[in-house]
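Taking it in order: structure first as structure tokens, then the write-up.
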Amino acid sequence: MEKHLTLQQVSTILQVEPSTIRFWEKEFAEFLNVRAKKGQHKRFSQQQLETLGQIKELLYTEMFTIKGAKRRLEMERTLTSALGIESNFKTTVFFMFSAIMQELYNYREESSKLAEQVRELRSQKTKIEEQLLEEKNKGFFEFLKDKIQVKRVSGQEEA
């Protein structure tokens, strides 16, 4: 028969206050499923202790929010039930998934920076094209101006 632990024992093992365990019981009820017969103290199974340990890890070490920790636990539960995989493989898959997500995030950041550089280069290209057109027009007007002056000068010489 599996040994069940008291609230105080779980609190000691996890090194958190009993009130914290009670709070987690309420917040993560769908993952813990702790029941006590009327008039009896709640007892925790080994599986519930592991889940509480995982909750502590998510909240205290990995700095998840309550909502984020619930999502993570739900994803793990889905992986486990859908694939029927054991815990260490599940953890490996999750960390691989997390690494892929981080890589995608990094690529998205890099892509945003590259897009900004492309916008800047296009802006510079437009400015340079405008300057070249201005120089070209300026050159054309200077050419016309010179031709007009040459005609005036040669017309004055003939007179």
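Here are some notes:
- Number of positions in the stretch 10-36 that are surrounded by 13 or more Cβ atoms within 10 Å (Cβ to Cβ) and either touching a residue at least 24 places away in the same chain (Cβ under 8 Å) or at positive phi (or both): 9
- Residues that are outside any helix (DSSP H, G or I) and within 38 Å of the chain's Cα centre (by Cα) within the stretch 14-40 comprise Gln15, Val16, Glu17, Phe28, Asn33, Val34, Arg35, listed in sequence order.
Conditions (1) touching a helix residue (DSSP H, G or I) at 6+ places or on another chain (Cβ under 9 Å); (2) in a loop (DSSP other than H, G, I, E, B); (3) within 16 Å of Arg77 (Cβ to Cβ), marked per residue:
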| residue | (1), (2), (3) |
| --- | --- |
| Thr12 | no, no, no |
| Lys42 | yes, yes, no |
| Gln54 | yes, no, yes |
| Phe64 | yes, yes, yes |
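- Residue list for the stretch 49-83, restricted to those being more than 25 Å from Lys3 (Cβ to Cβ), of a type outside the set (Asp, Glu) and at pLDDT below 90: Met75, Thr78, Leu79, Ser81, Ala82, Leu83
The values are calculated or read from the model by the stated rules, or taken from the named source; none is laboratory data. Everything numeric here is computed off the predicted structure, so don't read it as measured data. Don't worry about glycine lacking a Cβ; one is built from the backbone with ideal geometry, like all the others, and counts go over all protein chains shown.
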